[in-house]
Ligand code: SF4
């Protein structure tokens, strides 16, 4: 696959981050609190799949692993679309090898609603950009996305899922994504390591997992020795 949603967001934070992901991922150091947050988000996402009642999940793993089989997921999604399944979770799409998997696609009479689930109590701009990337890929695959929502965490377990309509804002990012996705595709394939000076992007919007490598606090050979 070329560029995924995660690739795009990481590449837009810092091109070097995306290049390192593709060429030297062993240098990553994921803080335990970040990993715990990611795990909690996965759990919330799993529970949100049922927020509209019965659904079909498109997740397929490669045999004997927990690595998603993207090609199989795309094929399964096409089948679900043809069968007009009302609620499709982890719906996978590919356009010119760029890929996304939508948390929830809900069928309407004339198209689909797209739901991006976030384990947070409010909507941040990064969330809208995540949904915008999915809208970009899915729209280019020929589906009509009528509404786009971020599903936030409600105040209590009585009301756990609060959809927030971000259709206008997310659709407004279409040109921005198109203007950058092809350059990120080209850049990630370069043989030479991208030269980017450390700066504000190392901690915003997310702390970079290569911080130690780029700031010289941990050298490359040390990280390899440490098995990171
Ligand atoms: S630490 Fe900073 S410069 Fe290095 S990859 Fe991350 S964001 Fe880019």
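Tell me whether the stretch 137-154 contains one or more residues that are under 23 Å from residue 99 (Cβ atoms), more than 16 Å from the chain's Cα centre (by Cα) and without any contact (Cβ under 8 Å) to a residue 24 or more places away in the chain.
Taking every residue of the stretch 137-154 in turn, at least one turns out to be under 23 Å from residue 99 (Cβ atoms), more than 16 Å from the chain's Cα centre (by Cα) and without any contact (Cβ under 8 Å) to a residue 24 or more places away in the chain.
Hey, can you tell me all the residues within the stretch 153-184 that are in contact with a helix residue (DSSP H, G or I) (Cβ under 9 Å, 6 or more places away or on another chain) and farther than 17 Å from residue 131 by Cα?
Result: 160, 183, 184.
Which of the residues belonging to the stretch 83-98 are touching a helix residue (DSSP H, G or I) at 6+ places or on another chain (Cβ under 7 Å) and surrounded by fewer than 21 Cβ atoms within 10 Å (Cβ to Cβ)?
Across the stretch 83-98, the qualifying residues are 94, 95.
Identify all residues within the stretch 205-216 that are more than 8 Å from the ligand (Cβ to nearest atom) and under 17 Å from the mean Cα position of the chain (by Cα); write none if there are none.
Answer for the stretch 205-216, where residues must be more than 8 Å from the ligand (Cβ to nearest atom) and under 17 Å from the mean Cα position of the chain (by Cα): 205, 206, 207.
Pick out, from the stretch 121-216, the helices (runs of 4 or more DSSP H) lying fully within it that include 3 or more residues that are surrounded by fewer than 15 Cβ atoms within 10 Å (Cβ to Cβ). Quick ask: steps written out before the conclusion?
Details: elements: 125-140, 167-171, 174-188, 211-214.
It comes to 174-188.
Of all residues being in a loop (DSSP other than H, G, I, E, B) and more than 13 Å from the ligand (Cβ to nearest atom) in the stretch 1-29, which is surrounded by the most Cβ atoms within 10 Å (Cβ to Cβ)? Just the residue, please. Don't jump to the end; show me each part of the working.
Of all residues in the stretch 1-29, those in a loop (DSSP other than H, G, I, E, B) come to 1-3, 14, 24, 28-29.
Filter once more, keeping what is more than 13 Å from the ligand (Cβ to nearest atom): 1-3.
Numbers: 1: 12, 2: 17, 3: 23.
The qualifying residue surrounded by the most Cβ atoms within 10 Å (Cβ to Cβ) is 3.
Restricted to the stretch 81-100, and to residues that are touching a residue at least 60 places away in the same chain (Cβ under 8 Å) and assigned to a strand (DSSP E or B), which residue is nearest to residue 183 (Cα to Cα)? Spell out the reasoning first.
So in the stretch 81-100, the residues touching a residue at least 60 places away in the same chain (Cβ under 8 Å) come out as 81, 94, 96-100.
From what's left, assigned to a strand (DSSP E or B): 94, 98-100.
Working: 94: 18, 98: 13, 99: 16, 100: 18 Å.
So the residue we want is 98.
Can you confirm whether the stretch 174-196 contains a residue that is at negative phi, modelled with pLDDT of 95 or more and in contact with a strand residue (DSSP E or B) (Cβ under 7 Å, 6 or more places away or on another chain)?
Yes, the stretch 174-196 has at least one match.
Take the conditions surrounded by 15 or more Cβ atoms within 10 Å (Cβ to Cβ), more than 14 Å from the ligand (Cβ to nearest atom), within 19 Å of the chain's Cα centre (by Cα) and under 25 Å from residue 136 (Cα atoms) and apply them to residue 80. Does it pass? Before the answer, list the steps.
On the way: surrounded by 15 or more Cβ atoms within 10 Å (Cβ to Cβ): yes; more than 14 Å from the ligand (Cβ to nearest atom): yes; within 19 Å of the chain's Cα centre (by Cα): no; under 25 Å from residue 136 (Cα atoms): yes.
Spelling it out, it is not the case that residue 80 is surrounded by 15 or more Cβ atoms within 10 Å (Cβ to Cβ), more than 14 Å from the ligand (Cβ to nearest atom), within 19 Å of the chain's Cα centre (by Cα) and under 25 Å from residue 136 (Cα atoms).
The values are calculated or read from the model by the stated rules, or taken from the named source; none is laboratory data. Everything numeric here is computed off the predicted structure, so don't read it as measured data. Here the Cβ is made from the backbone with ideal geometry for all residues, glycine too, and neighbour counts use every protein chain on show.
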